[in-house]
Amino acid sequence: MIEIENVRKSFGALEVLKGIDLTVAKGEVLTVIGGSGSGKSTLLTCINGLEPINSGRIKVDGTEVHAKSTDLNKLRQKIGIVFQQWNAFPHLTVLENVMLAPRKALGMTKAQAEEVAVKQLTHVGLAEKLSVYPTRMSGGQQQRMAIARALAMSPTYMLFDEVTSALDPMLVGEVLDTLRLLASEGMTMICVTHEMKFAREVSDRVAFFHQGVMAEIAPPDRLFGAPQHLETQKFLAATH
Amino acid sequence: MFNYNFRWNQALNSLPRMLEGALVTMEIALLSMAIGVSVAILLTLCRLSGNRILSAIATTWVEIARNTPALFQIYMAHFGLGGFGIHLSPYVSLLIGIAFNNAGYLAENFRGALKAIPETQTRAGRSLGLSQLQAFRHIILPQMLRIAFLPMTNQMVWAILMTSLGAVVAMNTDLYGVTSDLNARTFRTFELFAIAAVIFYVITKAITLSARLIAARLFRY
Ligand SMILES: Nc1ncnc2c1ncn2[C@@H]1O[C@H](COP(=O)(O)OP(=O)(O)OP(=O)(O)O)[C@@H](O)[C@H]1O
Ligand SMILES: [Mg+2]
């Protein structure tokens, strides 16, 4: 369970998160929508401790992320995150990209790590690409590799930050299919996305962010069908 | 005025001794590069550490290495340290002087190379649960060494040529030292130094060419 309690976060004088309260249960798929600069990405990077927070707290399975005593390297092993820019490691093959963290962070042997990596790469449809260098692949393939790389750590939670936004329209589908597959398998996920159709389909709940505030959160039927908040209505009208 | 008679045979008889000197020269250059690269990586880590003192030490090292004559650096390693009661052999002084110079230049090359690697690479590694040091070691370092490979090759060539500066610490077993000794005894100055120059040239060319082959094998991405 991810528990976010009254989290505030500023970059200098700019307050980006203005008191966020949110709980994500095991097995839930939450999508986060909202305008540019509303704090969606920042929330994700706070959840895995890449960014510090100014007040409030975030607990993941009861462990407080920003507590001094928390071993963030350890905690991050159960929170996978995939960014808009997939950040393939260019000097490693696809297989090596996925094997790196299981070997170095989990201490797996080469054989164990390879088994895990092959399994995850097969899962995202890249079984044919094991020995290829990532720069030789399409954006969609690289993004699926990044997903497999995160999954190889056997995370309990997966955070996705607009993972299709940097892709050619033709390649968006294959990545969304991978996310659908994970959702159907019961993975706990928070997906920041601009793909409204996808959000409506896979989400248990949808959260709408506006200027650092979670203005509305509801099941997709309600949020898309009968949005309560004026800003949600405006945002949805603008994206349709 | 032009009454110098070339005596190539006499000079060529000294070739075996000069080739031995060339081996010493290559040995010093290789060792100085091994030390230089390792220290340059440490200096780079110091600069990245965010610790003011470490980063000041690294910056000072780089500034001195790059902005003072290599000859002074070698001289200091011998006579400067000698003043503090640390007496090093000409071989070790020359090695340390060149390694000091290499480390400074390479650290600066590494800094340039780091600028070409996006910040998000480290971020991606950290998100996977790697520590800062693991992310550097397995994600940043290999890419940095690749980008800095050509400057590293140049520095290796420079290290070979810098061994001739061993003259100031009375180094006499390297290629320059051997040549200079032979010259003092035979006065076949032109022939001896021409042969030495050819040997230097062959060594540096061989380094440049083999570096190209190594790069092709190592960097397949
Ligand atoms: N590292 C940073 N330093 C300073 N300001 C930042 C930093 N990261 C984000 N911001 C600012 O914080 C605000 C929220 O950014 P964030 O990336 O969370 O928005 P977002 O909702 O993800 O937007 P988008 O849909 O464009 O990705 C923006 O105004 C942004 O400029
Ligand atoms: Mg964002």
Q. Regarding A:PHE11, is this residue within 14 Å of chain B (Cβ to nearest Cβ) and either more than 16 Å from ligand 2 (Cβ to nearest atom) or surrounded by fewer than 16 Cβ atoms within 10 Å (Cβ to Cβ) (or both)?
A. no
Q: Could you tell me whether B:PHE79 is surrounded by fewer than 21 Cβ atoms within 10 Å (Cβ to Cβ), over 30 Å from A:GLN84 (Cβ atoms) and within 14 Å of chain A (Cβ to nearest Cβ)?
A: no
**Q.** Scope the range A:28-57; condition more than 14 Å from A:GLU216 (Cβ to Cβ), of a type in the set (Gly, Ala, Ser), open to solvent by less than 40 Å² (accessible area, probe 1.4 Å) and near ligand 2 (Cβ under 10 Å from one of its atoms); matching residues
**A.** A:GLY39
Q. Within the range B:1-118, which helices (runs of 4 or more DSSP H) (wholly inside it) include 3 or more residues that are farther than 30 Å from B:THR186 by Cβ?
A. B:15-48, B:52-67, B:90-115
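Taking the residues in the range A:17-51 that are within 14 Å of another protein chain (Cβ to nearest Cβ) and within 11 Å of ligand 1 (Cβ to nearest atom) as candidates, determine which candidate is nearest to A:GLN85 (Cα to Cα).
Going through the range A:17-51, the residues within 14 Å of another protein chain (Cβ to nearest Cβ) turn out to be A:41-42, A:44-51.
Subsequent filtering for residues that are within 11 Å of ligand 1 (Cβ to nearest atom) retains A:41-42, A:44-46, A:50-51.
Values: A:SER41: 12, A:THR42: 15, A:LEU44: 15, A:THR45: 14, A:CYS46: 18, A:LEU50: 16, A:GLU51: 18 Å.
Among those residues, the one meeting the criterion is A:SER41.
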(Q) Tell me whether the range A:68-81 contains one or more residues that are within 16 Å of ligand 1 (Cβ to nearest atom), surrounded by 22 or more Cβ atoms within 10 Å (Cβ to Cβ) and either outside any loop (DSSP other than H, G, I, E, B) or of a type in the set (A, V, I, L, M) (or both). (A) yes
Q. From B:LEU128, B:LEU114, B:LEU141, B:LEU145, which residue is more than 10 Å from chain A (Cβ to nearest Cβ) and among the hydrophobic types (A, V, I, L, M, F, W, C)?
A. B:LEU114
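The values are calculated or read from the model by the stated rules, or taken from the named source; none is laboratory data. From a predicted model like this one, the values you see are computed outputs, not experimental measurements. Methodologically, a virtual Cβ is constructed for each residue, glycine included, from the backbone with ideal geometry; neighbour enumeration extends over all protein chains shown. Calculation scope for accessible area: heavy atoms of the full protein, side chains included, ligands and nucleic acids excluded. Shrake-Rupley method; radii C 1.70, N 1.55, O 1.52, S 1.80 Å.
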